[in-house]
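Accompanying notes for the structure given below.
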Amino acid sequence: MEGMEILNIHGNDLTSLPESMGEFMSLVILIASHNKLRGLPISMEALSTLEVLGMENNLFKFVPVCVPKMSNLKMMSFSFNEIVEIQDDIGQMLALDRLWLEGNKIDKFPEALPLAIEIDDLRIGDNAFSGLPDCIGQLYGMRDLCISKLKLHRLPDTFEWLYNLRTLDIGDNELSVFPKEIMKLKNLRELQYYGNALKELPEDIANLENLVVLNLKNNVLRTMPDSLAELTNLRILDISANQFREFPLSVCGTVSLQYIDAADCHISSLPDELGQLSNVQSL
């Protein structure tokens, strides 16, 4: 099996992998998700060609010591395990551009993470820590970030340094006031802000001029700002499960919209201006 490049052993009852895994010197992709693994053989540190490692939905309590030594690893997923802590040597993984760690028990944001400067896609939501350190702003090149379900009350000032972000999932937190730091992210195309008890969307939401998707589901909004109509690239808007009594007129002025979800808002009437939404395919 020396020439094997892809090994997919997803969805079995494996509790361990053999020490001979280190001999698969041509392996590029290893998927072993949905098993019962708790560790990996140390011999796997020799897998210098490995680029994708999928270990989600296992029983890991830490990232195995062999993993940071995989010098060409570009994508690593240990989502939905039982990991409590991320070791500092993760900062040595200079080729890493996708890191998925959501759904664990991590009690502190790994402050060595910004040393892995190539990270493009970070998913670290649904963990045990409840604040973000200033160092997160050093991940300048990041394009996709999921920090949902972290009981966040605020964002650090350095968050505005993440100017390359395209997708931000900050849902199911405790951000009842819209963070000013997000307003600086002018390249943002998708913002998931569901489930935050948000009371008001500020007028300067128009600063996010490249926004295509805006999800405000399950907040406590009663109105929408007039400036919403200035988001000329906005195509998808979810305002369901809020506290509107009337359909927001500013939404009617956002003529670029193609999809609107306004379910479960107790809206009692629809305005005549709804006819302005000539591009809407679903409401």
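Our summary gives the chain a relative contact order of 8 percent, counting only alpha carbon pairs under 8 angstrom and 6 or more residues apart. So what's the gap between the Cα centers of segment 241-255 and segment 12-48, to the nearest angstrom? The two parts, judged by their Cα centres, are 52 Å apart. Taken over segment 55-139, the alpha-carbon convex hull comes to 75 cubic angstrom per residue. The average projected area of segment 1-117, computed from the convex hull of its Cα atoms over all directions, is 6.1 nm².
Counted over segment 108-231, the DSSP beta bridges are approximately 0% antiparallel.
Applying the criteria of a DSSP loop state and at most 16 other Cβ atoms within 10 Å to the chymotrypsin sites (Phe, Trp or Tyr not before Pro) of segment 151-229 yields Tyr163.
Annotation: the antiparallel percentage among DSSP beta bridges lying fully within the chain is about 0.
Averaging 1/r over each pair of different alpha-carbon atoms in segment 134-223 and inverting the result gives 13.0 Å, the Kirkwood hydrodynamic radius. Stokes-Einstein diffusion coefficient for segment 89-182 at 4 °C in a medium of 1.567 mPa s, Rh from the Kirkwood formula over Cα pairs: what value in µm²/s? Rounded, D is 98 µm²/s. Each Lys or Arg adds one and each Asp or Glu takes one away; over the other residues whose Cβ falls under 15 Å from the Cβ of Gly91, this sums to -4. Estimated at 0.36 nm per residue, the fully extended path between Asp204 and Arg38 surpasses their Cα-Cα distance by 55.0 nm. Seen from Leu17, the other residues with C-beta closer than 14 Å to its C-beta sum to a net charge of -2, counting Lys and Arg as +1 and Asp and Glu as -1. Cα convex hull, segment 160-283: 83 Å³ per residue, rounded to a whole number.
Cα convex hull, the chain: 128 Å³ per residue, rounded to a whole number.
For GluC sites (Glu not before Pro), the sites in segment 119-196 that DSSP calls loop and that have at most 14 other Cβ atoms within 10 Å are Glu174.
Of the options Gly141, Trp161, Val177, report the single residue whose Cα projects farthest towards the positive end of the charge dipole of segment 130-223 (beta-carbon charges: Lys, Arg +1; Asp, Glu -1). Farthest along the dipole direction, towards plus: Val177.
Tally Lys and Arg at +1 and Asp and Glu at -1 over the other residues with C-beta under 15 Å from the C-beta of Phe60: what net charge comes out? Combined, the nearby Lys, Arg, Asp and Glu give 0.
The numbers here are math on the coordinates, done by the rules we state, and not lab data. Predicted model, so just to flag it, every value in this text is computed and none were measured. Positions of Cβ are generated from backbone atoms using ideal geometry, with glycine treated the same way; all protein chains shown enter the neighbour counts.
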